[in-house]
Amino acid sequence: MHLSDPVRNKYRDAWSKFATGVTVITTVEPDGSIHGMTASSVTSVSIDPPLVLAVIGETRQTHTYIGNTGRFGMSILNENQSDIAMHFADPQKNFSQLDASFVANMSGIPIIAKAIAAMGCRVIAAHKAGDHTVFIGEVESIQLDDGNPLVWFQREFVGLSGSSVSADRDV
Ligand SMILES: Cc1cc2nc3c(=O)[nH]c(=O)nc-3n(C[C@H](O)[C@H](O)[C@H](O)COP(=O)(O)O)c2cc1C
């Protein structure tokens with residue numbers, strides 16, 4: 001079933017009410033450079049073994065790179081990292097445009113430095129669902145840091161208090 005534009009917009013509006021944390025999914029491009037994509041459709045799936053899922057649109061560059069490498073990093077952003085979230089929500093922008101201090105390496109998997117939590121994951125399953133793929137990753141390494149999370153609510157980045165930390169964005 002394909003949605004008409006009004007129903008599609010209503011669907012998007014409904015999900016804009018679902019407040020989430022914000023992650024950056026990091027992968028490696030064929031030439032070895034690091035790639036990042038802002039993602040909020042992620043969750044924990046299992047504790048033993050530790051499994052996470054990330055829902056990635058099949059037109060995303062990240063979709064191709066995760067398919068190629070079978071690995072990804074998932075960094076949960078600090079509330080002061082909305083600039084990084086905006087940066088990696090733009091497919092034209094890449095790591096080379098950022099200061100090198102924004103990236104860290106965890107057991108060979110790139111992550112975002114100073115994220116409040118980061119996990120290195122190995123893909124164990126990929127399920128196509130509509131125009132997205134649900135990638136299930138087994139967590140192989142974990143790093144924690146202090147701080148409050150960045151929150152995505154009604155197409156806006158906010159802090160835990162609900163105060164805006166950046167301008168609106170149409171996604
Ligand atoms: C807050 C926020 C959350 C997002 N979550 C996702 C997501 O979970 N999955 C997805 O495929 N795209 C998501 N996007 C859109 C991607 O970040 C965006 O399309 C990105 O440019 C894709 O990058 P790539 O093509 O370089 O991989 C999100 C965007 C924003 C602003």
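What follows is calculated from the coordinates using simple rules that are stated; it is not laboratory data. Just so we're clear, the structure is a prediction, and the values are computed from it rather than from any experiment. Cβ: placed from backbone, ideal geometry, glycine included. Neighbour counts: every protein chain shown.
State, as an integer percentage, the relative contact order of the range 85-166 based on alpha-carbon contacts under 8 Å between residues 6 or more apart. Write down the numbers at each step before the final one.
Values: 100 pairs, mean separation 14.5, N = 82.
Dividing the mean separation by the residue count of the range 85-166 yields 18 percent.
Any chance you could run the full-extension gain for I124 through E58? It's 0.36 nm times the residue separation minus the Cα-Cα distance, nm to one decimal. Don't skip to the answer; put the middle values down first.
Numbers: separation 66, 0.36 × 66 = 23.76 nm, distance 1.77 nm.
Extra length available between I124 and E58 comes to 22.0 nm.
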All lysines inside 26 Å of K114 as judged from Cα atoms, apart from same-chain residues fewer than 8 positions distant:
K93
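Using only Cα atoms, what is the ratio of the radius of gyration of the range 20-158 to 2.2 N^0.38 Å? Working shown, then result.
Details: Rg = 13.7 Å, N = 139, 2.2 N^0.38 = 14.3 Å.
Taking the Cα Rg and dividing by 2.2 N^0.38 Å, one obtains 0.95.
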Calculate one ³J(HN,Hα) per residue across the range 103-114 by plugging θ = phi - 60° into the Karplus curve 6.51 cos²θ - 1.76 cosθ + 1.60, and present them in order as whole Hz with x for glycine and proline.
10, 10, 10, 10, 6, x, 10, x, 9, 8, 4, 6
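With Cβ to Cβ distances under 15 Å as the rule, what net charge do the other residues near I34 carry (K, R +1; D, E -1)?
On the way: positive: R71, K93; negative: E29, D31, D99.
In short, -1.
Please report, in debye to the nearest 20, how large the charge dipole of the chain is about its Cα centre when each Lys and Arg carries +1 at its beta carbon and each Asp and Glu carries -1 there.
On the way: 12 positive and 18 negative charges, 77 e Å.
With Lys and Arg at +1 and Asp and Glu at -1, about 360 debye.
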Relative contact order for the chain, counting Cα pairs under 8 Å that sit 6 or more residues apart, in percent
25 percent
